[in-house]
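Data first, discussion second: the structure below is written as structure tokens.
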Amino acid sequence: MKQVAAVARVLMFVVLYVAVMFAVNAVLYQGAIYAPLHAFVQRNATIVMAAADLVALLLFAVLLPLFGTTLVRIGSFNRWNTSQVLPVIGLGLSLGVFILSFTRIPLIAEVAPSIANLVTFVAQGELLWLVLLNSAIIGTLFEEWLFRGIIYNSLLEKFNSMVAIIGQALLFGVVFMDVVVGSFAALGAILYALVRYFTGSLWPVLITHAASTTTIIVLSLLIDGTDSGVAMKMLIVSVLILVGCMAAIWRNGRRSLDVSITAVGK
């Protein structure tokens, strides 16, 4: 029964977020608000996402005490092994290069245009600082707080780590309401959750995600219409770096875990 309650709570937060997203989109993007503001929002669509994220965070901050916790406590902003800083940043940078180069491969752009459209949306806007604020800061903070914080920890209370990792990834994919984009996003969610698992904190996940999104935004401005050969080389190099950084995070994470277990044993 407690497991069912945990799943129900997690689903409630996801449904509330989707509802908030639809409501904010209706008001800001599709609604008949002040004309100049409406036009500005349409040209800078990431504002809608950021606004919805902030509204949802405020709503969750009010609701979580009803379940005996707080937004900060369930976020797991714990101290972590700072020797992992470079691998964490490297993971984020290489992931951003991977995502952008992956969508620039002609076959992928043809078979899965919705993924390329999502990447374009994340980097879309007239003002670079506003795009970075909406996508790399507010978007990153909310997604990690909800999925690798609230949802991951809620599932971890009643299930094992594997269920928590897979569960939050599936729900993250469902939010996109598109099989192709959702599947791609779920893979990223698994990667972020593994960082959360190996480091024991949400801080490195936030750094990884922010670095990834910032890389996508900046490279989208610098690289316009990369040919398939260059895109493939970027893809291969980014995968190698990504795997190396993930291995370093895993190794340091396991070492930290071994030390803590030894200390408890003493």
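Every read-out reported here was derived from the displayed coordinates using simple, explicitly stated rules and does not represent laboratory data. Predicted, not measured: the structure shown is a model, and the values here were computed from it. A quick note on method: Cβ atoms are made from the backbone with ideal geometry, for glycine too, and the neighbour counts reach across all protein chains shown.
Against the empirical 2.2 N^0.38 Å scaling, what ratio does the C-alpha Rg of region 116-255 come to?
Cα-based Rg divided by the globular estimate yields 1.10.
At R0 = 30 Å, how high is the FRET efficiency between Leu127 and Ala26 if r is their beta carbon distance? Nearest 0.05 is fine.
E between Leu127 and Ala26, to the nearest 0.05, is 0.80.
Once the convex hull of the alpha carbons of region 5-103 is built, what does its volume come to per residue, in cubic angstrom?
Cα-based convex hull of region 5-103, divided per residue, equals 168 Å³.
Please list the helices of the chain that count as membrane-span-like by this rule: a mean Kyte-Doolittle hydropathy of at least 1.6 together with Cα atoms stretching 20 Å or more along the helix axis, each helix being a complete DSSP H run.
Numbers: long enough: 2-24 (33 Å, 2.02); 46-63 (26 Å, 2.53); 85-104 (29 Å, 1.83); 161-175 (21 Å, 2.16); 179-199 (30 Å, 1.72); 203-222 (28 Å, 1.53); 228-265 (54 Å, 1.13).
Span-like helices, by this rule, are 2-24, 46-63, 85-104, 161-175, 179-199.
Output the direction-averaged projected area (hull surface divided by four) of the convex hull of the alpha-carbon atoms of region 123-185, in nm².
Values: hull surface 18.8 nm².
Spelled out: convex hull of the Cα atoms, projected over all directions, averaged, 4.7 nm².
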